[in-house]
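The numbers here are math on the coordinates, done by the rules we state, and not lab data. Remember, predicted model here, so these are calculated numbers, not experimental data. When we count neighbours, we look across all protein chains shown, and the Cβ atoms used for this are built from the backbone with ideal geometry, even at glycine.
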């Protein structure tokens, strides 16, 4: 059984991206799912002076250890002003100080959801160009636009979009084999 780590790049308690990532994880077969919440890994704001005086916080090590021990990753990024959320970027910055190849070449399904029609396309583009420098093996990507119209009762209600996600899930599972 494969160990899949799932998280949203958001610290919102009602994150639509966590809902999407969790739903995507239910579509996997033969997988043990670990859903992480950024709120459980509180970190001070990254700064080189902070790192020099206090070192790297234990929560950054703990989160990175989850990634290191995973067979695959499902990440859904929230978009704030066209980029990563501050909570995710801060975690990413701390982890990259421990290991620059942060994602350990693990197969990754990269997603984004938003209430708007673009579905987090800006943050997906940023991640698609940046993550490979940190050893991300992005095997698929998915964008869910207009979350309120296309997601209901814990699943994607738009059949065409659900089919797109299922295709990406299949590619991700193939990469795990």
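Listed values, structure above:
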| item | result |
| --- | --- |
| Every residue from the range 41-53 that is surrounded by 11 or more Cβ atoms within 10 Å (Cβ to Cβ) and within 22 Å of residue 15 (Cβ to Cβ) | 41, 42, 43, 44, 46 |
| Filtered residue count, the range 142-159, keeping only those that are surrounded by fewer than 20 Cβ atoms within 10 Å (Cβ to Cβ), within 15 Å of residue 27 (Cα to Cα) and in contact with a helix residue (DSSP H, G or I) (Cβ under 8 Å, 6 or more places away or on another chain) | 3 |
| Positions within the range 121-135 being under 20 Å from residue 18 (Cα atoms) and in contact with a helix residue (DSSP H, G or I) (Cβ under 8 Å, 6 or more places away or on another chain), in sequence order | none |
| Test set (1) closer than 13 Å to residue 92 by Cα; (2) surrounded by fewer than 17 Cβ atoms within 10 Å (Cβ to Cβ); (3) touching a strand residue (DSSP E or B) at 6+ places or on another chain (Cβ under 6 Å) - residue 56 fails condition number | (3) |
| Those helices (runs of 4 or more DSSP H) lying entirely in the range 55-162 with at least 3 residues within 16 Å of the chain's Cα centre (by Cα) | 58-69, 86-98, 121-130 |
| Failed criterion for residue 13 (all others in (1) surrounded by 12 or more Cβ atoms within 10 Å (Cβ to Cβ); (2) farther than 21 Å from residue 97 by Cα; (3) under 16 Å from the mean Cα position of the chain (by Cα) hold) | (1) |
| Top-ranked residue in the range 115-125 [being in contact with a strand residue (DSSP E or B) (Cβ under 8 Å, 6 or more places away or on another chain) and in contact (Cβ under 8 Å) with a residue 40 or more places away in the chain; ranked as surrounded by the fewest Cβ atoms within 10 Å (Cβ to Cβ)] | 122 |
| Lone qualifier among 111, 128 - being in contact with a strand residue (DSSP E or B) (Cβ under 9 Å, 6 or more places away or on another chain) and touching a residue at least 40 places away in the same chain (Cβ under 8 Å) | 111 |
